[in-house]
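Heads up: the structure comes next, in structure tokens.
The values are calculated or read from the model by the stated rules, or taken from the named source; none is laboratory data. Keep in mind the model is a prediction, meaning the values are calculated, not measured. Reconstructed Cβ throughout: ideal geometry from the backbone, glycine too, with neighbour counts over all protein chains shown.
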Amino acid sequence: MNMMRTGLLLAALTGLFLAVGYVIGGQGGMVLAFLFSIATNLFAYWNAGKMVLRMYGAREVDRAAAPEFHDLIAELAQRAGLPMPKVYIIDNPQPNAFATGRNLENAAVAATTGLLRSLSHDEIAGVMAHELGHVRNRDTLIMTMTATIAGAISMLANFGFFFGGRNRDNPLGPFGAIAMMILAPLGAMLVQMAISRTREYSADRAGAEISGQPLSLASALEKIAGAAHRIENPQAEANPATAHLFIINPLSGQRMDNLFSTHPATENRIAALTAIAHEMGAPAGSSAGGPWGGRETAQRGPWG
């Protein structure tokens with residue numbers, strides 16, 4: 001159901017992009033918009049992952065540099081049936097994580113030093129299993145495409161608004177065309193946010209299945225959400241278009257599950273994970289079980 005909904009939302013986003021092109025330049029404008037969409041998506045397909053990692057100053061680590069974290073990712077990837085992704089650490093005190101990459105063979109997962117220092121071993125396993133869930137579900141490519149198309153819609157609408165369209169026979173009329181150019185970027189943003197929220201729920205379920213510990217993931221989400229509003233992430237604040245990549249919105253002030261939030265409300269995700277835990281037979285109020293046996297760590301985390 002979630003994949004079907006994502007497909008419909010992607011189709012709506014593409015249709016909106018073509019509609020803006022038609023309003024600006026008629027059938028020729030629609031064709032140019034389509035070609036531009038292909039070009040931007042090809043660029044994003046090959047370069048977006050590297051650009052995001054570079055944007056956050058992520059450093060790749062091997063087993064020699066971070067043995068426990070690297071081994072954890074290797075074990076989770078094996079459980080998920082995935083090739084070993086590249087592993088990155090971001091020097092940032094805010095606990096958070098994201099995944100990127102154009103396909104399964106070129107995937108990468110990144111965690112902040114804040115995450116590795118403040119969460120338990122089981123909670124980190126739940127978080128990174130969530131990110132591998134994104135990889136397995138091909139969400140990294142989907143979210144790159146939606147961000148690229150949404151950005152292209154805004155750019156195209158701005159071009160049409162400031163320079164005017166030459167399609168004088170469009171069915172909306174001149175005032176309708178102006179309204180379209182104003183509302184299209186807003187509509188694109190809403191569709192992008194809806195896709196992001198849908199994929200987060202799917203990745204939560206995948207993370208619970210991969211790690212075998214839905215309640216540890218729920219506990220991690222609660223801790224990360226609380227810290228994200230206290231600890232600023234300067235790179236994310238400077239690049240808000242990347243906020244949807246993280247497991248929890250890294251921007252301040254995003255607390256509500258509404259049209260403008262990139263993530264579902266944390267309490268809704270915790271409730272869903274609690275239900276998944278009951279499905280898996282985990283006792284209420286316990287994070288025990290799973291492949292790591294409910295192992296907890298000191299306050300500074302397993303690799304602090």
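Below, the figures for the structure above:
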read-out	value
Selection from the stretch 201-254 of residues that are surrounded by 24 or more Cβ atoms within 10 Å (Cβ to Cβ) and acidic (Asp, Glu)	ASP204
For MET84: the one exception among (1) touching a helix residue (DSSP H, G or I) at 6+ places or on another chain (Cβ under 6 Å); (2) farther than 21 Å from ARG136 by Cα	(2)
Residue in the stretch 223-231 that is within 13 Å of the chain's Cα centre (by Cα), modelled with pLDDT under 90 and not basic (Lys, Arg) present	no
Subset of the stretch 118-143 [under 20 Å from GLY101 (Cα atoms) and not in a helix (DSSP H, G or I)]	ASN137, ARG138
Residue within the stretch 189-201 that is assigned to a loop (DSSP other than H, G, I, E, B) and either of a type in the set (A, V, I, L, M) or modelled with pLDDT under 90 (or both) present	no
Count of residues meeting criterion [free of Cβ contacts under 8 Å to residues at least 24 places away in the same chain, exposed (fewer than 12 other Cβ atoms within 10 Å of the Cβ) and touching a helix residue (DSSP H, G or I) at 6+ places or on another chain (Cβ under 7 Å)] in the stretch 53-81	0
